[in-house]
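Everything below concerns the one structure shown next.
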Amino acid sequence: MSAKSQAFVIADDAAYLPWLEAALGGSVAFTLGQPQDAADLLRRLQQGAKFDLLFCEFEDYNAPERAALAEAVADRLPELPVVGMGSSESAATVLAAMRAGVRDFFVLKRDETKLAAQVGKLLRRLGAVSVAAAAGSGQGRVYSVMGAQPHESVAFLAVHLAQAFAERGNQRTGAAISGGQPPTVARGKAERVLLMDTAMPAGAAAIFLNVSPSYSLLDAVNDVHRCDATLVDTAFTKHSSGLHLLSLPEEGLGRPAIPAEDFGRLLQVFKSLFSVVVMALDGQVGTPLLRTAITQSTRTLLLTDQSILKSRQSKYLLRALRLDDTPLDNAALVVDNYRRRLGLEPQNLAELFDLPLIATLSSEGVSRIQAMNSGESMFAIAPKDPYCDGVRRLALTLATGETQAVEAKSDGLLNRLFR
């Protein structure tokens, strides 16, 4: 016999507990409580038995107080679903409950059948999340690709890095990215890879992948309290290469505001649902969100090139992050569009940024523009381009945890750049 789910119940009316017990049969064990405030409720939920659900009564006279309790749980314990219930269908009361973060709302002595079906579905979703978390041990790897300023090269690298990770996972199952090399390893379980494009220009990753997402990164942030494996499978865009995509809507004007706290919670959820998360960022998103992203990242890749403009912008971004006490121990430098004899050598830049150099990337001719315009990856349209080999080697370096050593000295041009 399977163990019962555990539910904490907050209700003033004594009729709720027998109603819940009758509706849900023997599948749920209930604990009735009357917390004094949000702090008391959180203490009860975090100590002793592990609860799978929280049922909270909402009436016209107590809706503001109960909404505060539900919001506290949603903020501190986002993995614990809150289910609202009440004795009437007051629109204002139901709206207050839903805005506070409850997953559903049921009316006393009317919604017995609906209650049983919906709670059963909710518990199954929780089980799916638990299985995914156990499979990944909640330790999915997060790799951030960060540029100092908005530029299409940030999303372009994030797209190809995510595809390189998906390719490695596909090879375990005998598949390969279109245009890539045939699989060379034995079949096995593929890794789930998520690409999150939070950088500007908005929607660049989706354009480069030639997809039109109906569910955006902003939707996922708004749904952070109900994001689970079911939502991922039903709402997230999935590319033919196997990776999942969340992107800013390209039709938006200006940069949308993303609360750093909600973004951090979303990353925590994704680390339990995906083996690899590749995230595109730029400095204009602001240091609070950057600090949240970098803190949760396995590695952060600062993307720049050999131009003085981007190098100076990168210098100021690093200065702002260090002044904000953002941990950069796992950060490394990637130099894009590398050309010899330009004067700003990658090793020199790495030394002056005080970051290890992890990769230099270069491409031939117009292959990059052709890839961007066609909606096909470089792996597909120019598989022999040096960029493809460079990104694949970068993915391998990240997967194995290696970092290139840097030994270089500053030259006159760099002294001018950083004086």
Review point. Can you name the residue in region 1-28 that is within 33 Å of the chain's Cα centre (by Cα) and without any contact (Cβ under 8 Å) to a residue 12 or more places away in the chain and is also farthest from Ser88 (Cα to Cα) among such residues?
Key: Ser2
Practice item. Report yes if Ser214 is open to solvent by 30 Å² or more (accessible area, probe 1.4 Å), polar (S, T, N, Q) and at pLDDT 90 or above, otherwise no. Key: yes
Point to revise | Checking Leu80 against (1) assigned to a loop (DSSP other than H, G, I, E, B); (2) surrounded by fewer than 18 Cβ atoms within 10 Å (Cβ to Cβ), the condition it does not meet | key: (2)
Study note, to complete from the structure: When region 62-75 is checked residue by residue, the ones that are surrounded by 15 or more Cβ atoms within 10 Å (Cβ to Cβ) and of a type outside the set (A, V, I, L, M) are Asn62, Arg66, Glu71, Asp75
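To keep it simple, each residue is scored yes or no on (1) free of Cβ contacts under 8 Å to residues at least 40 places away in the same chain; (2) among the β-branched types (Val, Ile, Thr); (3) crowded, with 17+ Cβ neighbours inside 10 Å.
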| site | (1), (2), (3) |
| --- | --- |
| Leu267 | no, no, yes |
| Ser275 | no, no, yes |
| Ala293 | no, no, yes |
| Arg299 | no, no, yes |
| Tyr316 | no, no, no |
| Ala332 | no, no, yes |
| Arg339 | yes, no, no |
Review point. Any idea which of (1) within 10 Å of the chain's Cα centre (by Cα); (2) aromatic (Phe, Trp, Tyr); (3) assigned to a loop (DSSP other than H, G, I, E, B) is the one Phe270 doesn't satisfy?
Key: (3)
Check your understanding: Would it be correct to say that Thr300 is assigned to a strand (DSSP E or B), polar (S, T, N, Q), in contact with a Leu (Cβ under 9 Å, 6 or more places away or on another chain) and within 16 Å of Met146 (Cα to Cα)?
Key -> yes
Review point. In this structure, is Pro18 out of contact with any Lys or Arg (no Cβ under 9 Å at 6 or more places or on another chain) and open to solvent by 20 Å² or more (accessible area, probe 1.4 Å)?
Key: yes
Check your understanding: Applying the selection to region 29-55, what residues are open to solvent by less than 70 Å² (accessible area, probe 1.4 Å), more than 29 Å from the chain's Cα centre (by Cα) and of a type outside the set (S, T, N, Q)?
Key -> Ala29, Phe30, Gly33, Pro35, Asp40, Ala49
Exercise for review: Could you grab the pairs with beta carbons closer than 7 Å, sequence gap of 6+ or different chains, first residue in region 349-365 and assigned to a loop (DSSP other than H, G, I, E, B), second one hydroxyl-bearing (Ser, Thr, Tyr) and open to solvent by 40 Å² or more (accessible area, probe 1.4 Å)?
Suggested key: Pro356/Thr403; Leu361/Tyr338; Ser362/Tyr338
Check your understanding: From the residues in region 83-102 that are under 21 Å from Asp13 (Cβ atoms) and part of a loop (DSSP other than H, G, I, E, B), which one is most open to solvent (accessible area, probe 1.4 Å)?
Key -> Glu89
**Study point:** Of residues in region 157-176 being among the aliphatic types (A, V, I, L, M) and either surrounded by 24 or more Cβ atoms within 10 Å (Cβ to Cβ) or touching a helix residue (DSSP H, G or I) at 6+ places or on another chain (Cβ under 8 Å) (or both), the one modelled with the lowest pLDDT
**Key:** Ala176
Exercise for review: Answer yes or no as to whether Thr198 is farther than 28 Å from Leu54 by Cβ, crowded, with 20+ Cβ neighbours inside 10 Å, of a type in the set (Ser, Thr, Tyr) and touching a helix residue (DSSP H, G or I) at 6+ places or on another chain (Cβ under 9 Å).
Suggested key: yes
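The values are calculated or read from the model by the stated rules, or taken from the named source; none is laboratory data. What you see is a predicted model, and the numbers here were worked out from it, not measured in a lab. FYI the Cβ positions are ideal-geometry reconstructions off the backbone, even for glycines, and counts take in every protein chain you see. For the accessible areas, the whole protein counts, side chains as well, though only heavy atoms, and no ligand, DNA or RNA atoms are used. Shrake-Rupley method; radii C 1.70, N 1.55, O 1.52, S 1.80 Å.
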